[in-house]
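The values are calculated or read from the model by the stated rules, or taken from the named source; none is laboratory data. Predicted model only: the values in this text are computed from it and were never measured. With ideal geometry, Cβ positions are generated from the backbone for all residues, glycine too; neighbour counts draw on all protein chains shown. Remember, those area values only see protein heavy atoms, side chains included, never the ligands or the DNA or RNA. Shrake-Rupley method; radii C 1.70, N 1.55, O 1.52, S 1.80 Å.
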Amino acid sequence: MDNLEPLLQTKFYIPPPRPDLISRPRLLERLDTGLQAKLMLISAPPGFGKSTLLGDWIAQRNLQERTAWLSLDEGDNDPVRFWRYVIGSLQRVQPEIGRAAQGLFPSLKSPSLESVVTSLINEITAFPQPFFLVLDDYHLIEKDTIHESLLFLLDHQPPQLHLAITTRADPPLPLARLRVRGSLVEIRTADLRFAPEEARSYLHKTANLDLSPDQIDMLGARTEGWIAGLQLATLSMQGYQDFARFIATFTGSHRYIIDYLSEEVLQRQPASLQSFLLQTSILDRFCAPLCDAITERSEGQQTLVKLEQDNLFLIPLDDERRWYRYHHLFADLLRSRLDVEKSDHLRSLHRRAGEWFEAQNLYSEAVHHFIAAQVWESAAALIERLVDSLWMHGEVNLLLAWLNPLPADLVHRRPRLCLAHAWVSLYNGPLDAVEGWLHRAEQTVSAADSEILGEIAAIRASTATIRGEAEQATAFCTLALQLLPLERRLLRAATVHALGTAYRVSGNIGAALQAYTEAVTVGRASNHFYLLIDSLCNLGLIQMARGQLHLAHKSYLEALARVEADHGPALPIAGEVYIVMGDLLREWNRLDEAESYLRRGLTLGEQGGIVDLIMTGYFWLARIKQAQSDFTQALDLLHRATQLAQRHQIHRLISLFAAQEARLLLVTGQLDAAMRWAHSYAPTLSESTSYMRDSQITTLARVWFAHGRSAQALHLLDHLYPVVETSGRMSSVIEIQLLRALVLSALGDVEASQQALTHSLTLAEPQGYLRRYLDEGQPVADLLQRTSLRDPHLRAYRERLLSLFGEGEPQPAPLLFAPTSELVEPLTSREVEILRLIAAGRTNQEIAQQLVVQPSTIKKHINNIFGKLGATHRTQAVALAHEFGLL
């Protein structure tokens, strides 16, 4: 054997676990099943931790002394060298194995590999203990004779031997046969990708970078769980200041990944394959016919098969192996190369892709490539055909992304593109831009084109509806329905929907119910997703206004089912469903569920840029925070909602948010600030009968009542009550009767108070209203306890409400009863000082800090103040102090 070169011992070295290793129990358990299999195959592209995983398993299971490890290289393609090294690795487990087989090498110029392997098998059989042979990086072996000899070993494999192969490409072995026989354990790319929690653990252990959890998750998602990608990204970030910016722009163009992929993958491929990779890299997904169209060749299918076999970062997108994509980072590398080497061909490649997609009726992809190719007319024509579909699915941002690159002169001479811009501005803002686009459309359309003129009227109707201009909205809806042809059924239904909103704003609840019901019917029949979801949500709002909470819940559940079953819960329009459902659950006092729904809705609204949804979400979430006594957060949410409403000039919402803030001021004892709101809004509210202002009018009544102006508050409520009752706004009836009961009780009319409360409870009990009563605080609890109820259902309902008042500290109510004629005992100067701080909205802790005393001292002073004033809570104390002239 003197003429044979010595074996390189480092090729037998089992890679030990690194200190920064992330243990992967789910994969280790999979490898454990290899003890009952002939072959363990770990197949994945470079950088996915194949060898690391196998080395960790060997260490975790204490198999080092029973494992023969061989790290292969390109030189091992010589059959003799290959089997010499295999035997050398086996001899590290058992020195006697393979000695007879080794004796065959020097005597044969061309040894029979079968005879060598046969001898080796016989020697292994004599070894009593099971052990493992690991062939690492087997993809470097290209010789068929070696593959055939390894297959011979598998076919006659002794039970003591378990073979493990790591490779970037599947070896030419009968894997299907082994799989069917249960003799194969496989771990592939999808298994090796880091799960989010594994990526977080890896970066925490290795990065030594101050990354936030969101940044870590984003980096893990960007690399798609590719371990080498994470490692190379952290290398790139060393010394980098702005991590957020780096992660947001992290692509295959970063130098470490370019070097790695270029050296390990791209440069190793034949020139023809490199050209294929570069040309097809412009595609987000591809199949063989599409590749043929792009490359203008006919080897697409064969090339894709080879790429998948070679694990060249190709990811199948279906079980049939028809559609594929490249790993994102690999695609980024290819595209950066394409920009350098074939930039003059880019437009031609995109044009050919657009033509292929259009011929296959895959219009979205076609638009993308036509825009990239700057084939503007083709892109514009397709966008015009897709506007209704995008609107139906709520994909307004995608539509805007397509419209923005188009040349301005092209858009201005095509009225349908102007209308598309108008729709986008309607939903995303600013509203002021809508009319400009409609004016441009009118300039390019003839008076005979009633369809476009009808659509212009429909958009103006929607704009007026959003602004709360009910009269104008009704007029434009009527005009649109006159002009739009019957064939535009969906747009006509959307106009009916807008008409329903105009009726709702003006307080005509019955007409609104009819309009929304018709829109829902059309949405169901046409399967118009956006129209159906929006109409169901608005129908539910009307049902809630009518006091029909269970019917509203049914409408919301239908919308929720359609969202989650048909289009997935990630579309922006799904946010509307979550928002309205959240408010209903709030009324039923299911606050945690309600907050979860509202936050999901807000996230989707913010992602989709749906301003109206964001404002509504902030408003209802503020009411939950108020119910949870988190007044600071509630006020912050109201301010954010108000800022958006002011920016978009939605005056009805500005007024609504201001009224809710006034209620919050009452709850926190800031009566002076609440009264300033009342003085500002009273002239516009006191005689109003608009449905949209019900909550503002009842808030005004609360403020007046809190300041002892009970008769004025009662007059306002009595003026509003017959209007809301006649129009069917039963939810407002429940609230008004509750407030009337409180005011009448304060005025000493016990019988009328009990009648009003009984009426309120009778309407509320079947629907399960809870927050309507709980939000008014202790005065309602006291009134419930004093009220005599004959109906057993109402008595049970009262007990349930009272039990909920008892959960935690009751929220103080912005209401009080009439003061006595004079103070029982004068307040000290210190007590007056504390009373003024209470009126300013300060907490006990804040007052204690300002006066440099203990909070317990402040609490004693406040108890004394309450006793002298005859008050039971802060709001009442401040109001009584005003009555006695102390403030």
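Being without any contact (Cβ under 8 Å) to a residue 24 or more places away in the chain, over 44 Å from the mean Cα position of the chain (by Cα), open to solvent by 30 Å² or more (accessible area, probe 1.4 Å) and closer than 16 Å to L784 by Cα is true for just one of Q755, Q712. Which residue is that? Please lay out each step first, then the result.
Working: Q712 fails: closer than 16 Å to L784 by Cα.
Among Q755, Q712, only Q755 is without any contact (Cβ under 8 Å) to a residue 24 or more places away in the chain, over 44 Å from the mean Cα position of the chain (by Cα), open to solvent by 30 Å² or more (accessible area, probe 1.4 Å) and closer than 16 Å to L784 by Cα.
Can you tell me which of A441, A433 is open to solvent by less than 40 Å² (accessible area, probe 1.4 Å), under 27 Å from L644 (Cβ atoms) and not β-branched (V, I, T)? Spell out the reasoning first.
Numbers: A441 fails: under 27 Å from L644 (Cβ atoms).
Exactly one of A441, A433 is open to solvent by less than 40 Å² (accessible area, probe 1.4 Å), under 27 Å from L644 (Cβ atoms) and not β-branched (V, I, T), namely A433.
Can you say whether L532 is in a helix (DSSP H, G or I), hydrophobic (A, V, I, L, M, F, W, C) and open to solvent by 10 Å² or more (accessible area, probe 1.4 Å), as far as the supplied structure shows? Before the answer, list the steps.
Numbers: in a helix (DSSP H, G or I): yes; hydrophobic (A, V, I, L, M, F, W, C): yes; open to solvent by 10 Å² or more (accessible area, probe 1.4 Å): no.
Considered against the rule, which asks whether it is in a helix (DSSP H, G or I), hydrophobic (A, V, I, L, M, F, W, C) and open to solvent by 10 Å² or more (accessible area, probe 1.4 Å), L532 comes out as no.
Just one of (1) modelled with pLDDT of 90 or more; (2) surrounded by 20 or more Cβ atoms within 10 Å (Cβ to Cβ) trips up L604, so point out which.
L604 satisfies all of (1) modelled with pLDDT of 90 or more; (2) surrounded by 20 or more Cβ atoms within 10 Å (Cβ to Cβ) except (1).
For H162, state whether it is within 20 Å of P15 (Cα to Cα) and out of contact with any Leu (no Cβ under 6 Å at 6 or more places or on another chain).
Numbers: within 20 Å of P15 (Cα to Cα): yes; out of contact with any Leu (no Cβ under 6 Å at 6 or more places or on another chain): yes.
For H162, the condition - within 20 Å of P15 (Cα to Cα) and out of contact with any Leu (no Cβ under 6 Å at 6 or more places or on another chain) - is met.
Taking segment 307-329 only, how many residues are charged (D, E, K, R) and either open to solvent by less than 10 Å² (accessible area, probe 1.4 Å) or touching a residue at least 12 places away in the same chain (Cβ under 8 Å) (or both)? Walk me through it before giving the result.
Going through segment 307-329, the residues charged (D, E, K, R) turn out to be 308, 310, 318-322, 325.
Narrowing the set further to residues that are either open to solvent by less than 10 Å² (accessible area, probe 1.4 Å) or touching a residue at least 12 places away in the same chain (Cβ under 8 Å) (or both) leaves 308, 310, 321-322, 325.
The qualifying residues number 5.
Would you be able to tell me the number of residues in segment 359-379 that are exposed (fewer than 14 other Cβ atoms within 10 Å of the Cβ) and outside any loop (DSSP other than H, G, I, E, B)?
The number of residues fulfilling the criteria is 2.
Quick one: which residue in L304, L290, L346 is in contact with a Gly (Cβ under 8 Å, 6 or more places away or on another chain), open to solvent by less than 50 Å² (accessible area, probe 1.4 Å) and not hydroxyl-bearing (S, T, Y)? Explain how you work it out, then say what you get.
Values: L304 fails: in contact with a Gly (Cβ under 8 Å, 6 or more places away or on another chain); L346 fails: in contact with a Gly (Cβ under 8 Å, 6 or more places away or on another chain).
Only one candidate passes the filter, namely L290.
Considering each of T726, T762, T758 in turn, give the residue that is over 26 Å from P792 (Cβ atoms) and either in a helix (DSSP H, G or I) or modelled with pLDDT under 95 (or both). Give the steps one after another, and end with the answer.
Values: T762 fails: over 26 Å from P792 (Cβ atoms); T758 fails: over 26 Å from P792 (Cβ atoms).
Only one candidate passes the filter, namely T726.
Scan segment 630-637 and give yes if some residue there is under 21 Å from G429 (Cβ atoms) and either free of Cβ contacts under 8 Å to residues at least 60 places away in the same chain or surrounded by 18 or more Cβ atoms within 10 Å (Cβ to Cβ) (or both), otherwise no. Show your work before the answer.
Just the residues of segment 630-637 that are under 21 Å from G429 (Cβ atoms), to begin with: 637.
Among the residues that remain, those that are also either free of Cβ contacts under 8 Å to residues at least 60 places away in the same chain or surrounded by 18 or more Cβ atoms within 10 Å (Cβ to Cβ) (or both) are: 637.
Yes: segment 630-637 contains one or more residues that are under 21 Å from G429 (Cβ atoms) and either free of Cβ contacts under 8 Å to residues at least 60 places away in the same chain or surrounded by 18 or more Cβ atoms within 10 Å (Cβ to Cβ) (or both).
Hand me the list of helices (runs of 4 or more DSSP H) wholly inside segment 411-501 holding 1 or more residues that are β-branched (V, I, T), more than 17 Å from Y516 (Cα to Cα) and under 36 Å from the mean Cα position of the chain (by Cα).
On the way: elements: 415-428, 432-443, 450-466, 470-483.
Per the criteria, 415-428, 432-443, 450-466.
For segment 380-397, how many residues meet the condition of being open to solvent by 60 Å² or more (accessible area, probe 1.4 Å) and in a helix (DSSP H, G or I)? Working first, answer last.
If we filter segment 380-397 for residues that are open to solvent by 60 Å² or more (accessible area, probe 1.4 Å), which is where we start, we get 385, 388, 395, 397.
Next, from what is left, pick out any that are in a helix (DSSP H, G or I): 385, 388, 397.
Count: 3.
What residue, of L90, L113, is open to solvent by less than 50 Å² (accessible area, probe 1.4 Å) and in contact with a helix residue (DSSP H, G or I) (Cβ under 6 Å, 6 or more places away or on another chain)? Before the answer, list the steps.
Values: L90 fails: in contact with a helix residue (DSSP H, G or I) (Cβ under 6 Å, 6 or more places away or on another chain).
Going through L90, L113 in turn, the sole match is L113.
Out of all the residues in segment 445-480, which are open to solvent by less than 60 Å² (accessible area, probe 1.4 Å) and polar (S, T, N, Q)?
Of everything in segment 445-480, those that are open to solvent by less than 60 Å² (accessible area, probe 1.4 Å) and polar (S, T, N, Q) turn out to be S450, S462, T463, T465, T474.
Go through segment 32-61 and give me each residue that's part of a helix (DSSP H, G or I), of a type in the set (D, E, K, R) and open to solvent by 10 Å² or more (accessible area, probe 1.4 Å).
Start the filter on segment 32-61 by keeping residues that are part of a helix (DSSP H, G or I), which leaves 32-36, 50-60.
So of that shortlist, the ones also of a type in the set (D, E, K, R) come out as 32, 50, 56.
Across segment 32-61, the qualifying residues are D32, K50.
Kindly evaluate S336 against the criterion of being of a type in the set (S, T, N, Q) and either outside any helix (DSSP H, G or I) or closer than 22 Å to L403 by Cα (or both). If you could, list the steps in order and put the result at the bottom.
Numbers: of a type in the set (S, T, N, Q): yes; either outside any helix (DSSP H, G or I) or closer than 22 Å to L403 by Cα (or both): no.
Considered against the rule, which asks whether it is of a type in the set (S, T, N, Q) and either outside any helix (DSSP H, G or I) or closer than 22 Å to L403 by Cα (or both), S336 comes out as no.
Where in segment 792-887 are there helices (runs of 4 or more DSSP H), lying wholly inside it, with at least 3 residues that are modelled with pLDDT under 85? If you could, list the steps in order and put the result at the bottom.
Values: elements: 792-805, 829-839, 844-851, 855-869, 874-883.
Because the criterion is at least 3 residues that are modelled with pLDDT under 85, the helices (runs of 4 or more DSSP H) in segment 792-887 that meet it are 829-839, 844-851, 855-869, 874-883.
Enumerate the pairs (first residue in segment 288-299 and free of Cβ contacts under 8 Å to residues at least 60 places away in the same chain; second residue anywhere and surrounded by fewer than 19 Cβ atoms within 10 Å (Cβ to Cβ) and in a helix (DSSP H, G or I)) with beta-carbon separation below 6 Å, excluding pairs fewer than 6 apart on the same chain, so at least 6 apart or on different chains.
A288/Q301; S298/D292
Has segment 507-524 got any residue that is more than 22 Å from the chain's Cα centre (by Cα), outside any helix (DSSP H, G or I) and under 26 Å from I654 (Cβ atoms)?
Let us first name the residues in segment 507-524 that are more than 22 Å from the chain's Cα centre (by Cα), namely 507-524.
From what's left, outside any helix (DSSP H, G or I): 507-508.
Filter once more, keeping what is under 26 Å from I654 (Cβ atoms): 507-508.
Yes, segment 507-524 contains at least one residue that is more than 22 Å from the chain's Cα centre (by Cα), outside any helix (DSSP H, G or I) and under 26 Å from I654 (Cβ atoms).
Just a yes or no: is a residue in segment 730-741 open to solvent by 20 Å² or more (accessible area, probe 1.4 Å), basic (K, R) and within 40 Å of the chain's Cα centre (by Cα)?
Within segment 730-741, not a single residue is open to solvent by 20 Å² or more (accessible area, probe 1.4 Å), basic (K, R) and within 40 Å of the chain's Cα centre (by Cα).
Sort out which residues of segment 611-629 are without any contact (Cβ under 8 Å) to a residue 60 or more places away in the chain and polar (S, T, N, Q), and write them in order of number.
T616, Q628
Could you please find all residues in segment 607-629 being open to solvent by 40 Å² or more (accessible area, probe 1.4 Å) and closer than 17 Å to A641 by Cα?
Going through segment 607-629, the residues open to solvent by 40 Å² or more (accessible area, probe 1.4 Å) turn out to be 607, 612, 623, 628-629.
Matches in segment 607-629: Q607, D612, R623.
Taking the condition among the polar types (S, T, N, Q) and either in contact (Cβ under 8 Å) with a residue 40 or more places away in the chain or surrounded by fewer than 24 Cβ atoms within 10 Å (Cβ to Cβ) (or both), does T521 pass? Break it down into steps so the answer makes sense when it comes.
Details: among the polar types (S, T, N, Q): yes; either in contact (Cβ under 8 Å) with a residue 40 or more places away in the chain or surrounded by fewer than 24 Cβ atoms within 10 Å (Cβ to Cβ) (or both): yes.
Yes: the conditions hold for T521.
So D332 ticks every box in (1) of a type in the set (D, E); (2) open to solvent by 40 Å² or more (accessible area, probe 1.4 Å); (3) modelled with pLDDT under 90 but one. Which box is left unticked?
(2)
Among the residues of segment 577-601, count how many are over 17 Å from the mean Cα position of the chain (by Cα), open to solvent by less than 30 Å² (accessible area, probe 1.4 Å) and not aliphatic (A, V, I, L, M).
Final tally of qualifying residues: 3.
Within segment 481-494, identify whether any single residue is closer than 23 Å to S727 by Cβ and open to solvent by 10 Å² or more (accessible area, probe 1.4 Å), and answer yes or no. Write out each step before concluding.
Of the residues in segment 481-494, the ones closer than 23 Å to S727 by Cβ are none.
No.
Tell me which residues, restricted to segment 62-83, are in a helix (DSSP H, G or I) and open to solvent by 30 Å² or more (accessible area, probe 1.4 Å).
Hits for segment 62-83 are Q64, E65, R66, E74, G75, P79, V80, R81.
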